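The next block holds one structure in the form of structure tokens; read it before the comments.
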Amino acid sequence: MNASLVDTTTKQSRSSTADKSIVDQWNQMTDNYPEADLAANFMSFMFGKLGIKIENIKNQPSIGSGLRPDYLIYQASQEPPVLVVEIKKRVTELGSIPDKEFAEQCEKHNLYREAVGFDPLTRNNGIRQYLEVGKVRQECLAPYGLVFNGDFFQLWRRVDGLIFPLTPIQKVTKSSLPKLLKQLKKCLTEKPTGIVTGIWNMKGGVAKTTNTINIAATLALKGKNVLLIDLDPQGDLTHGLGFKSENLPDFLTPVSQKIILKEHDAAQAILKSEVKQRTFNDFSLSLLSTSKEALDSFRNSTEINQIISFIGIVELLKPEYDYIFIDASPVLDKLTQCMLYGCNLVMVPVDGSKAIRHALKVHQEILPKIYQSRLEHQLSNGPLSLGIIRSNWTIAENSVAEKELAREVNQNFVGIHQYETRLRQYAQAEIASLRQAPVVCWRSSPISKLYDELTAEIFLSHNFIAK
């Protein structure tokens with residue numbers, strides 16, 4: 001028998017045994033199980049089965065003023081933590097919720113809300129503050145968070161200042177516990193991958209491409225490794241970075257064919273060879289693009305599952321970058337669906353009442369439909385809404401018109417972020433477009449300063465996003 005096959009079989013057998021032992025341990029809990037007993041009898045057991053050394057588990061450490069999570073988990077004692085954990089007691093009413101209703105009802109329960117920290121003004125800090133840039137000491141900041149009580153669990157992710165749910169709320173069952181173990185092993189053993197964001201609205205003319213280029217460039221100026229993917233047949237993003245899309249070869253179809261054959265190394269090699277890079281004064285941006293003909297061929301193909309193939313492409317790219325941004329057409333065609341299925345996050349630019357109407361459809365219909373589809377097909381969590389950005393903004397601040405728009409937004413976009421920065425129109429943005437460069441290359445321009453402020457609001461300062 002092949003030696004690698006024996007090794008794989010052995011690992012699977014060990015994993016199955018560990019899964020069964022943890023399920024057996026969980027089954028011994030009562031419906032009402034105190035938090036202290038959960039910590040002593042289950043969490044310690046699970047950490048051991050995950051192979052975490054005792055010296056890499058910090059119990060109720062002080063990580064900032066008044067901040068004491070239940071656990072910090074390290075890979076090695078000399079490195080920053082990988083995971084912060086908040087646990088709560090088990091209660092009968094949560095365990096009795098039917099599976100189909102669990103996530104919705106759990107989200108309203110005070111134990112879950114305290115574990116996450118939905119009300120940061122209370123003494124119940126939760127994952128929200130245990131991952132917060134500025135409150136937690138830098139050496140105590142983890143990229144992942146876990147909330148757990150024996151009935152619910154959920155993983156959270158921090159990228160710079162942005163915090164968002166990596167998984168939906170999940171009910172603890174004998175089938176979901178092994179999935180949690182698999183997710184935790186990945187968090188504990190693999191380097192965190194980049195996050196994928198789309199800046200999109202169904203209305204054109206709201207500067208989605210300009211915003212994509214300049215937010216990406218602002219992050220690159222901060223030392224981040226950023227990739228842009230152009231899925232819009234018009235190729236404005238590609239042109240805006242100084243490339244001609246008609247001269248670029250097709251990467252979508254050959255890479256998709258390799259993914260279908262599960263030849264992932266070959267697929268990754270093609271992607272690496274097709275990524276272009278342009279260096280500006282103080283930063284570089286990477287671009288993955290192709291011709292209009294190649295995009296049309298991929299979109300219309302009957303031999304490829306475009307969405308599954310594109311998700312595979314994104315997964316191959318994510319380990320190489322801190323941030324990936326995808327630009328797509330305002331039309332909800334197959335290419336735009338690929339973008340939405342491939343994204344972790346989507347932000348929506350608006351420039352007035354017409355764009356707000358389209359943004360409402362994005363938030364109330366399109367994103368929830370794709371989110372549910374991804375759940376049903378056991379794909380990654382998302383796309384989550386990053387909120388609304390004011391783009392091409394010509395309305396005077398604090399004017400009657402802006403107050404009326406604010407009233408409309410507040411009434412219709414309950415729980416959706418509205419960022420304070422207003423991206424006003426400046427001639428320098430047009431000049432930058434003509435010169436095929438991000439406007440943030442002109443650092444003294446007022447619009448560059450606005451992009452600095454907006455990028456900090458969204459990604460670099462504390463920003464908590466919940467489903």
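The values are calculated or read from the model by the stated rules, or taken from the named source; none is laboratory data. In this text, all values refer to a predicted model and were calculated from it rather than measured experimentally. Cβ: placed from backbone, ideal geometry, glycine included. Neighbour counts: every protein chain shown.
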Any chance S373 is farther than 30 Å from Q183 by Cα and without any contact (Cβ under 8 Å) to a residue 40 or more places away in the chain: no
Among the residues of the range 306-361, write down those that are modelled with pLDDT under 95 and among the charged types (D, E, K, R). D351, K354, R357, K361
Just give me the residues in the range 404-423 being buried (at least 16 other Cβ atoms within 10 Å of the Cβ) and part of a helix (DSSP H, G or I), in sequence order. L405, V409
Condition met for Y371 (among the aromatic types (F, W, Y), in the same structural domain as Q436 (by TED's automatic domain parsing) and out of contact with any helix residue (DSSP H, G or I) (no Cβ under 9 Å at 6 or more places or on another chain)): yes
I'd like the residue in the range 273-307 that is within 27 Å of the chain's Cα centre (by Cα) and free of Cβ contacts under 8 Å to residues at least 24 places away in the same chain and, out of all such residues, is farthest from L231 (Cα to Cα). T279
Matching entry among A401, A359 (being in a helix (DSSP H, G or I), closer than 27 Å to E430 by Cβ and within 21 Å of the chain's Cα centre (by Cα)): A359
Can you confirm whether S65 is in contact (Cβ under 8 Å) with a residue 60 or more places away in the chain and farther than 21 Å from P178 by Cα? yes
Criterion (closer than 21 Å to T455 by Cβ and buried (at least 20 other Cβ atoms within 10 Å of the Cβ)) met by exactly one of V346, V362: V346
Looking across the range 65-84 at residues that are in contact with a helix residue (DSSP H, G or I) (Cβ under 8 Å, 6 or more places away or on another chain) and surrounded by fewer than 19 Cβ atoms within 10 Å (Cβ to Cβ), the single one that is modelled with the highest pLDDT is L67
Would you please name the residue that is farthest from L386 (Cα to Cα), looking only at residues in the range 325-343 that are buried (at least 21 other Cβ atoms within 10 Å of the Cβ) and touching a Ser or Thr at 6+ places or on another chain (Cβ under 7 Å)? L335
Subset of the range 376-411 [out of contact with any Cys (no Cβ under 7 Å at 6 or more places or on another chain) and under 30 Å from Q170 (Cβ atoms)]: E376, H377, Q378, L379, S380, N381, L384, S385, L386, G387, I388
Flag if A269 is exposed (fewer than 15 other Cβ atoms within 10 Å of the Cβ) and of a type in the set (G, A, S): yes
Pick from the range 44-58, criterion free of Cβ contacts under 8 Å to residues at least 24 places away in the same chain and within 28 Å of the chain's Cα centre (by Cα), ranking: farthest from E139 (Cα to Cα): G51
